[in-house]
Amino acid sequence: MVLVELELPPLFAEACGYRGHARHVALRWTPELFELRWTDNGHTFVGEVDPFLALCTHPATAAALEPFHSANSAEGTRPWLLVDRDRRRLSFGTAAEVWMVLNKQGR
């Protein structure tokens, strides 16, 4: 997992369409479909794109997300973003890495 060096705005996951109560929420951005999906339990749902795009393009946060965008545009497996709602932190990793975190919170 790679930590993104920024503090998320309050209620970022909720702004992206998340309606649950889990601490960790995974987001997947597919740029060619212009689609954001989120999950906290393995079932994915379509999210709200605008808050995510605002985070990606805002002058105060865009540079911190460059490593994610570079990994997301590479050939092969796409990374998932992991939102820590308690700490307002963001990281990214493979689907397996993110799922391990999500799976632990369900116990």
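Quick grid of which residues meet (1) under 26 Å from residue 100 (Cβ atoms); (2) of a type outside the set (Val, Ile, Thr):
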site: 41; (1), (2): yes, yes
site: 46; (1), (2): yes, no
site: 58; (1), (2): no, yes
site: 80; (1), (2): yes, yes
Condition broken by residue 64, with the remaining ones in (1) of a type outside the set (Lys, Arg); (2) touching an Asp or Glu at 6+ places or on another chain (Cβ under 8 Å); (3) more than 20 Å from residue 14 (Cβ to Cβ); (4) modelled with pLDDT under 95 satisfied: (4)
Residue check, residue 68 touching a Lys or Arg at 6+ places or on another chain (Cβ under 8 Å), at negative phi and of a type outside the set (D, E, K, R): no
Per-region count, region 61-90, residues part of a loop (DSSP other than H, G, I, E, B) and touching a residue at least 12 places away in the same chain (Cβ under 8 Å): 7
Some residue of region 17-37 being crowded, with 17+ Cβ neighbours inside 10 Å, in a strand (DSSP E or B) and free of Cβ contacts under 8 Å to residues at least 24 places away in the same chain: yes
Some residue of region 91-103 being of a type in the set (Gly, Ala, Ser) and either part of a strand (DSSP E or B) or closer than 24 Å to residue 10 by Cβ (or both): yes
Filtered residue count, region 24-50, keeping only those that are of a type outside the set (A, V, I, L, M) and either in contact with a His (Cβ under 6 Å, 6 or more places away or on another chain) or closer than 18 Å to residue 91 by Cβ (or both): 8
Flag for residue 102 being touching a strand residue (DSSP E or B) at 6+ places or on another chain (Cβ under 7 Å), surrounded by 13 or more Cβ atoms within 10 Å (Cβ to Cβ), within 15 Å of residue 18 (Cβ to Cβ) and touching a residue at least 24 places away in the same chain (Cβ under 8 Å): yes
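The values are calculated or read from the model by the stated rules, or taken from the named source; none is laboratory data. The model shown is predicted, which means the values in this text are computed figures rather than measured ones. Note that each Cβ is placed from the backbone with ideal geometry, even for glycine, and that neighbours are counted across all protein chains shown.
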